[in-house]
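J.: First the structure, then my questions, so here it is.
Derivation of every value follows stated rules applied to the coordinates shown; laboratory data play no part. Computed from a prediction, not measured in an experiment: that's the story for all the values here. Because the Cβ atoms are built from the backbone with ideal geometry, glycine has one as well, and the counts that use them run over all protein chains shown.
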């Protein structure tokens, strides 16, 4: 008896598709409903930021960095300004360091909230979406009252931050931190504890540890595959070595764990925010830096733990006001390679949740 | 700071792959010629005690008279870091692919090919990644002329089946 097979066919998802979180496109081969091959196609948002950097001065490039991972703007700029500071040997004032950590962690919280929100939306859960974005809005309000922009703050400068926070900032931040445990409980109840979510996500899209390391996956996805690695602990930048926090790690390697680890990281970010709020000193927020930034000849590679993965900044200076090369290593770009490796054999609706669990933002993938 | 063990290991490796070692802002940098790049990467991955077994980044560089491929190595289990720089000819940039050591080098090499035209032999799927397939030139090279859209008159031709 011959086994009859359906003909394989390929469909195109994206670049304009609600569940691709931006302008991501994938060509999917299907056998019935089962995915047999996925080919990611990226570049629809490519703005050539590395090339742009070569024709801008060091200071002029800072606003562009916010546009990489636009859901967590501050952390991108943090990597860039710290790389330049390392190259020039600039000491940043204490208050500025604390403010940087506060904004970087707030950006991480906002990004993780949005990831949980959009992850739920991909399986038709509208209510968690509105809960998460409601709380994310409070963070964006904090950004707005400080820098005037909701997402792309352009707040960090080489040598500090552009100005001090307004008086109403600290009370608003304190009340936000106080509300965070209640929020997490709510997300757990409505999303992670939900039966439908668990049956759709548990043991779907397994990314084993060896494969994750071989594919050079970084960030929360790596930690959900059982590797306890965080640049903030392994190679502390700025003043991250002063804070007492844990690196959560999960061993499930599946879509659910890749979502759930974000909830755990929210608790750790809360600890950092609490300690930063307690210890922040008064004082200047900008170091004495020459008006014209002219780093000496040299190379520096600086990495930071972005919410979407590790971001690396390789800056080569030729001693002039413009860099010779600015290389951006976006974590999300490398993490895209997870998709063709783990989505094979799952149904097309699982492909959508697997994609959501990768937590991509196309501004960072496409540079 | 660079540990003495790592310094000794890199010194041994440099002698084996005919490379030069220098230190730049607390990171050791090993410069080799392109035929020895894979030997250097494999050697660094298998260092005793201080294995640099995680390819953190791979990127191209244009130095004017030659191109470079820069590998940033680190480890998930220790503080060791190493930068390996492979010099590549400008006229016919060829280098062996690192995809059989790290599968994840796939996209990074495709990007270096897209932006600098460096050909990675042994790569499973060496196509442009950011720019479209019939794009001409390599945008990140220093001699790439930036013109306005109208002057360049770049047309995207849709292919059958896309």
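J.: Measuring from centroid to centroid over Cα atoms, what is the spacing of region A:120-165 and region A:36-113 in Å?
T.: 15
J.: For helix A:255-279, what angle does its Cα long axis make with the longest principal axis of chain A, in degrees from 0 to 90 and rounded to 10?
T.: 20
J.: Moving on. Let me have the 222 nm mean residue ellipticity of chain B computed from DSSP H runs of 4+ only, each contributing -39500 (n - 2.57), with the sum over all residues rounded to the nearest 500.
T.: The helix contribution divided over chain B gives -7000 deg cm²/dmol.
J.: Can you list the equivalent-ellipsoid semi-axes of region A:80-193, largest first and in whole Å, using the square root of 5 times each Cα gyration tensor eigenvalue?
T.: Its equivalent ellipsoid spans semi-axes of 31, 15, 12 Å.
J.: Let me ask something additional. Restricting things to Cα coordinates, could you compute the convex hull volume per residue of region A:259-359 in Å³?
T.: So the per-residue hull volume is 146 Å³.
J.: Another question, then. Taking Cα atoms, how many degrees apart are the long axis of helix A:126-147 and the longest axis of chain A, rounded to 10 and kept between 0 and 90?
T.: Taking Cα atoms only, the helix is inclined about 20 degrees.
J.: Starting from the Cα of residue A:347, step 7 Å along the direction of its Cβ; do the same at residue B:21; then give the gap between the two resulting points in nm.
T.: Label-label distance for residue A:347 and residue B:21, simple model: 5.7 nm.
J.: Per residue, how much space in cubic angstrom lies within the convex hull of the C-alpha atoms of region B:1-91?
T.: 87
J.: Taking a cut-off of 11 Å, what percent of all Cα-Cα pairs in region B:1-52 are separated by more than that?
T.: For region B:1-52, the share of Cα pairs beyond 11 Å comes to 66 percent.
J.: Expressed as a rounded percentage, what relative contact order does region A:110-185 have, with Cα pairs under 8 Å and six or more residues apart?
T.: About 21 percent, as a whole number.
J.: Name the most mobile residue of A:218, A:353, A:57, meaning the one with the largest mean-square fluctuation, in a Gaussian network model of chain A with Cα contacts below 10 Å.
T.: A:57
J.: Can you sort A:316, B:145, A:27, B:69 from fewest to most other Cβ atoms within 10 Å of each residue's own Cβ?
T.: So the ranking, lowest neighbour count to highest, is B:145, A:27, A:316, B:69.
J.: If you line up the long axis of helix A:73-88 against the longest principal axis of chain A, both from Cα atoms, how many degrees apart are they, to the nearest 10?
T.: That helix lies at roughly 50 degrees to the long axis.
J.: Tell me, B:114, A:359 in order of fewest to most beta-carbon neighbours within 10 Å?
T.: Arranged by neighbour count, lowest to highest, B:114, A:359 become B:114, A:359.
J.: Taking each residue in A:325-334, count the Cβ atoms of any other chain within 10 Å of its Cβ, then average. What number comes out?
T.: Taking the mean over all residues of the peptide, I get 4.
J.: What's the FRET efficiency of residue A:4 with residue A:39 using the Cβ-Cβ distance as r and R₀ = 45 Å, to the nearest 0.05?
T.: Efficiency for this residue pair is about 0.95.
J.: Hey, another quick one. Which of B:16, B:128, B:110 moves the most in a Gaussian network model of chain B with Cα springs under 10 Å?
T.: B:16
J.: Right, something else. Determine the distance separating the Cα centre of region B:104-120 from the Cα centre of region A:188-231; give it in Å without decimals.
T.: Taking the Cα centre of each part, region B:104-120 and region A:188-231 sit 28 Å apart.
J.: Quick one: among B:40, B:105, B:15, which has the greatest mean-square fluctuation in a GNM of chain B with alpha-carbon springs under 10 angstrom?
T.: B:15
J.: What is the Cα radius of gyration of region B:80-134 over 2.2 N^0.38 Å, N being its residue count? Each step should come with its number before you reach the end.
T.: Values: Rg = 11.6 Å, N = 55, 2.2 N^0.38 = 10.1 Å.
It is 1.15.
J.: Sticking with this structure for a sec: Can you list the equivalent-ellipsoid semi-axes of region B:4-152, largest first and in whole Å, using the square root of 5 times each Cα gyration tensor eigenvalue?
T.: 30, 16, 13
J.: Further, regarding this structure: Considering Cα pairs under 8 angstrom that are at least six residues apart, work out the relative contact order of region B:4-152 and quote it in whole percent.
T.: The normalised contact order for region B:4-152 reaches 18 percent.
J.: Then there's this: Hey, fewest Cβ within 10 Å first, where do A:237, A:251, A:256, A:80 land in order?
T.: Lowest to highest Cβ neighbour count: A:251, A:237, A:256, A:80.
J.: Using just the C-alpha positions of chain A as equal point scatterers, what log10 of I(q)/I(0) does the Debye formula give at each q in 0.08, 0.13, 0.14 1/Å?
T.: Ignoring solvent entirely, the Cα scatterers give -0.40, -1.03, -1.18.
J.: Next question. Using alpha-carbon positions, what is the distance between the centroids of region B:51-94 and region A:341-363, in Å?
T.: 30
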